[in-house]
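I have placed the structure first, in the form of structure tokens, so that the comments after it can refer back to it.
The values are calculated or read from the model by the stated rules, or taken from the named source; none is laboratory data. The structure presented is a predicted model; accordingly, all values stated were derived computationally and were not measured. Positions of Cβ are generated from backbone atoms using ideal geometry, with glycine treated the same way; all protein chains shown enter the neighbour counts. The area values use the complete protein model at the heavy-atom level, side chains included, leaving out ligands, DNA and RNA. Shrake-Rupley method; radii C 1.70, N 1.55, O 1.52, S 1.80 Å.
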Amino acid sequence: MKVFQIPVGPMQNFAYLVVDEESREAMAVDSGWETDPIVRLAADGKMRVKYVCATHGHYDHVKTMGKLAAELGAVTVAFEGSAANPKVTVSDTDTLKLGGNDVVVMHTPGHTEDSVCYYDGSNLLTGDTLFVDAWGRTDLPGGSPGKMFASLHDVIMVLPETTVVYPGHDYGEVPSRTLGEESRKNPALLARTLQEFERLIEG
């Protein structure tokens with residue numbers, strides 16, 4: 001599977017195309033502010049985009065979700081109960097098929113209740129759950145420090161260290177990084193207890 005990272009909009013967002021290189025089946029993740037760069041890249045790569053997926057329902061990630069799906073002939077996908085109002089809803093551990101590959105939906109609440117990551121066995125698209133050098137806010141509606149700590153430590157940190165983390169925003173010193181390196185540098189992943197994490201949030 002190949003991941004294309006696409007900067008979009010005024011808030012340092014990343015949109016993504018994940019493609020099975022053999023079948024050219026693909027999924028778009030977090031269309032964000034604009035569709036043109038995503039549509040052009042999909043066309044140039046001769047991709048058949050099946051899904052336009054949301055990592056969560058915040059407007060800077062889903063503003064153009066329906067428009068992009070219409071332009072690509074794809075269906076919209078988000079976690080059950082999401083404000084993104086997708087055509088297809090998914091639950092924790094559900095899979096999306098791209099060619100012979102499965103992309104697993106991992107429910108990671110904490111930033112929002114509908115937050116998910118998408119994992120293809122090598123790459124993890126984390127939305128606003130985990131950034132390079134940072135983590136998602138927990139003080140917005142639906143946020144929870146306790147759920148964020150559990151998502152980071154009990155869901156994400158159990159994946160192989162070689163997993164490449166692709167975040168929803170370009171907030172770090174590099175646009176992506178392996179989970180192993182992130183676990184040694186990111187303060188949220190270095191926090192060993194919820195109390196440590198809460199102190200980190202309070203700053």
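Here is how the numbers come out for the structure above:
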quantity: Greater than 24 Å apart at Cα, pairs in Lys46/Lys97; Lys97/Lys147; Lys67/Lys97; Lys67/Lys87; Lys2/Lys46; Lys147/Lys185; calculated: Lys97/Lys147
quantity: Filtered GluC sites (Glu not before Pro), segment 22-72: DSSP coil and at most 11 other beta carbons within 10 Å; calculated: Glu22
quantity: Mean separation of Cα contacts under 8 Å, 6 or more apart, over the residue count of segment 17-120: relative contact order %; calculated: 23
quantity: Helix-only CD estimate at 222 nm, as mean residue ellipticity for the chain, using -39500 (n - 2.57) per DSSP H run (n ≥ 4); calculated: -5500 deg cm²/dmol
quantity: Cα gyration tensor, segment 65-109 - rounded (a/c under 1.5), prolate or oblate; calculated: oblate
quantity: Bridge type composition, segment 1-110 - antiparallel percent by DSSP, nearest 5; calculated: 60
quantity: Accessible surface of the chain, 1.4 Å probe, proportion on carbon and sulfur as whole %; calculated: 50
quantity: Tensor-based shape of segment 78-203 (alpha-carbon gyration tensor, a/c under 1.5 rounded, otherwise prolate or oblate); calculated: oblate
quantity: Karplus (6.51, -1.76, 1.60) ³J(HN,Hα), θ = phi - 60°, over segment 163-174, in Hz, Gly and Pro reported as x; calculated: 4, 8, 8, 10, x, x, 9, 8, 9, x, 6, 9
quantity: Of His111, His61, His153, the one that fluctuates the most in a GNM where the chain has Cα springs shorter than 10 Å; calculated: His153
quantity: Residue (of Ala150, Phe131, His61) at the positive-pole extreme of the chain, dipole from beta-carbon charges; calculated: His61
quantity: In Å², nearest 10: area of Thr193 left accessible to a 1.4 Å probe; calculated: 50
quantity: Segment 1-95: trypsin sites (Lys or Arg not before Pro) falling in loop per DSSP and having at most 11 other Cβ within 10 Å; calculated: Lys46
quantity: For segment 1-102: rounded, prolate or oblate by the Cα gyration tensor [a/c cutoff 1.5]; calculated: oblate
quantity: Gap separating the Cα centres of segment 46-60 and segment 165-203, nearest whole Å; calculated: 24
quantity: Alpha carbon convex hull of segment 95-144, projected area averaged over orientations, nm²; calculated: 3.7
quantity: Linear extension gain, Trp33 paired with Gln195, 0.36 nm per residue minus alpha-carbon span; calculated: 54.7 nm
quantity: Beta bridges per DSSP with both ends in segment 71-203, % antiparallel, nearest 5; calculated: 65
